[in-house]
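Scroll down for the structure; my scribbles are underneath it.
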Amino acid sequence: MKTVEMNFDGLIGPTHNYAGLAFGNLASTAAAQHTSSPKQGALQGLEKMRLLHQLGVPQGILPPLQRPHFPTLKQLGFSGTKSNIIKQVANTNPTLLASCYSASSMWVANAATVSASQDCQDGKLHFTPANLISQFHRSIEPHDTAAMLKAVFAHTDYFVHHPALPPHPDWADEGAANHTRLSLNNQQMGLNIFVYGQAKSTTLTPHIFPARQRLEASQIIAQSHGLTPQRTLFLQQSPQAIDQGVFHNDVICVGHKNCLFYHQHAFADETLLLPFLTKHSAQQNWQLIRVLESEVSIKNAVESYLFNSQIVTTKDNKVALIAPQNCARNKQVSAYLIALTQSDSAIDEVHFVDLDQSMNNGGGPACLRLRVCVTEDELAAINPACHFNLDRYEALKECIERTYPDRLTPRDLGDPALLKTTQAALTEVGKILGVSELYQF
């Protein structure tokens, strides 16, 4: 049966703001307390989806989660009307309010780990929502993320939904941002590479920023999804890279089909990679693009988000890199990409996208999308309203331009009027994407 790789992008929500909540994410810290534009951010993300659609890449849309997250505020002792709760939290704990208003669910690379049905013993496509316990504002997402994924991928004949792992440091899980599937042929069983930052069995850890992914979490997800152990590799992320701002593997490495694009300092022990790949196929069948520190420094990789690009195959059978505009602005990275496309590498062309609103909070093209490899039957079983098409693009664009705030500062979160604006916007988004049940006000 024909299989395709879909990219499901998270639609940026109406409360997108810069509160600087993500420790270890240099861009998020640098943008703290700046003024954001939820409208501009959502339109930028929508244009990226449109580009992928034009290139012939199957494209889906995942809805934003409901914000603010009142269950957390009530659990922490705040009561009264919703407007009064907003005022109370704004006066006593504005950081908590920012956490509960965060639109970080837009980075759906962290929504879940997804395993293709070809790789799973039961022949079904598996999802495990990430528990995201390393950052408080993201740790409140898993319950609603699970509901969102079930609303989009509802058919139990094809999709299996696991609960998030227990919310404890031993099982810290950040989702697909630390997982890459490679394959020589989408119709066949693939290879799964899980990258972790820390394990119980090693003292090799970063010293400045936290290691967000635990080996034990990746192992239990691979086991529960029914992945073949011989076709699954667990690699440790370089602690030195984490300390330079590489908080997820997708900031230093990206894969697609038989191509893996990564920095020489991405992994603690890179020597494990090639033997794993060649055990399953000849070396020449794998396209490994290994970027040297002398070609692109980790500093410039993090500043430009070069490796947070997407690699896709276009309708013309070209392999394209979907890169953020920061890559064109960075002299070293820009020069590298020109040389790359002129060489005999797997990358044929580069498309630069303007995602500055997301980038300012530390999320590039790959952060905004969840890769889902689906068969024809699985594709037909997905909520049809979450497929990208030009009519849906126009409907979402009109909704965003009319209902999303133009400007938002962390201080604005304390205005109860924002609550009404947010509810109105999400109500319309829910109708367009066929997931109205996710938004109960």
Cα pair distances of the range 254-390 binned at 10 Å [whole percent]: 10, 36, 35, 16, 2
At a 1.4 Å probe radius, which order do D243, D119, D269, D316 fall into by accessible area, largest first? D316, D269, D243, D119
Largest-first principal axis extents, alpha carbons of the range 190-303, Å: 35, 33, 20
Could you work out the helix-only [θ] at 222 nm for the chain, with each DSSP H run of four or more residues adding -39,500 (n - 2.57) and the total divided by the number of residues, to the nearest 500 deg cm²/dmol? -9500 deg cm²/dmol
Could you grab the relative contact order for the chain? Cα pairs under 8 Å, six or more apart, rounded to a whole percent. 24 percent
Cross-link reach from K2 to aspartates and glutamates, straight Cα distance under 16 Å and at least 8 residues apart if same chain, gives D119, E376, D377, E378
Taking a ≥ b ≥ c as the square roots of the eigenvalues of the Cα gyration tensor, with a/c under 1.5 meaning rounded and otherwise prolate when a/b exceeds b/c and oblate if not, the range 100-218 is oblate
Would you mind telling me the share, in percent, of accessible area of the range 1-158 contributed by carbon and sulfur at probe 1.4 angstrom? 53 percent
Ignoring ligands, DNA and RNA, what percent of the accessible area of the range 214-358 is carbon or sulfur (1.4 Å)? 47 percent
Report the net charge of residues surrounding P38, where surrounding means a beta-carbon distance below 10 angstrom and charges are Lys +1, Arg +1, Asp -1, Glu -1. +1
Could you give the Stokes-Einstein D for the chain in µm² per second, using the C-alpha Kirkwood radius, 10 °C, 1.306 mPa s? 73 µm²/s
Excluding residues fewer than 8 places away in the same chain, name every one of the aspartates and glutamates whose C-alpha is closer than 16 Å to that of K318. E5, D344, D348, E349
List the aspartates and glutamates whose alpha-carbon lies under 20 Å from that of K87, not counting same-chain residues fewer than 8 positions away? D412, D415
Mean separation of Cα contacts under 8 Å (at least 6 apart) over the residue count of the range 111-237, i.e. the relative contact order in percent, is 28 percent
Relative contact order computed over the range 332-441 (Cα-Cα under 8 Å; 6+ residues apart), in percent: 20 percent
If N is the number of residues in the range 315-441, what value comes out of its Cα radius of gyration divided by 2.2 N^0.38 Å? 1.38
With θ taken as phi - 60° and the coefficients 6.51, -1.76 and 1.60, list the Karplus ³J(HN,Hα) couplings across the range 20-31 in order, rounded to whole Hz; mark glycine and proline as x. x, 8, 9, 4, x, 9, 5, 5, 4, 5, 5, 8
J(HN,Hα) series, the range 46-63, from Karplus relation 6.51 cos²θ - 1.76 cosθ + 1.60, nearest Hz, glycine and proline x: 5, 5, 5, 4, 4, 4, 4, 4, 5, 6, x, 8, x, 10, x, 10, 10, x
Could you please state how large a percent of the accessible area of the range 360-439 is carbon and sulfur, counting protein chains only and using a 1.4 Å probe? 48 percent
Unit charges on C-beta of K, R, D, E only; dipole of the chain, Debye: 620 debye
In order over the range 142-153: 3J(HN,Hα) from phi, Karplus 6.51/-1.76/1.60, θ = phi - 60°, whole Hz, x for each Gly or Pro, gives x, 4, 6, 4, 4, 5, 5, 5, 5, 6, 8, 10
So how do F127, F352 rank on accessible area, 1.4 Å probe, biggest first, that is with the largest at the start? F352, F127
Enter the accessible area per residue of the chain (Å², integer; probe 1.4 Å; all protein chains in place). 38 Å²
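The values are calculated or read from the model by the stated rules, or taken from the named source; none is laboratory data. Note that this is a predicted model, so its numbers are computed, not measured. Cβ atoms come from the backbone with ideal geometry, glycine included; neighbour counts cover every protein chain shown. What goes into the accessible areas is simple: the full protein's heavy atoms, side chains included, and nothing from ligands, DNA or RNA. Shrake-Rupley method; radii C 1.70, N 1.55, O 1.52, S 1.80 Å.
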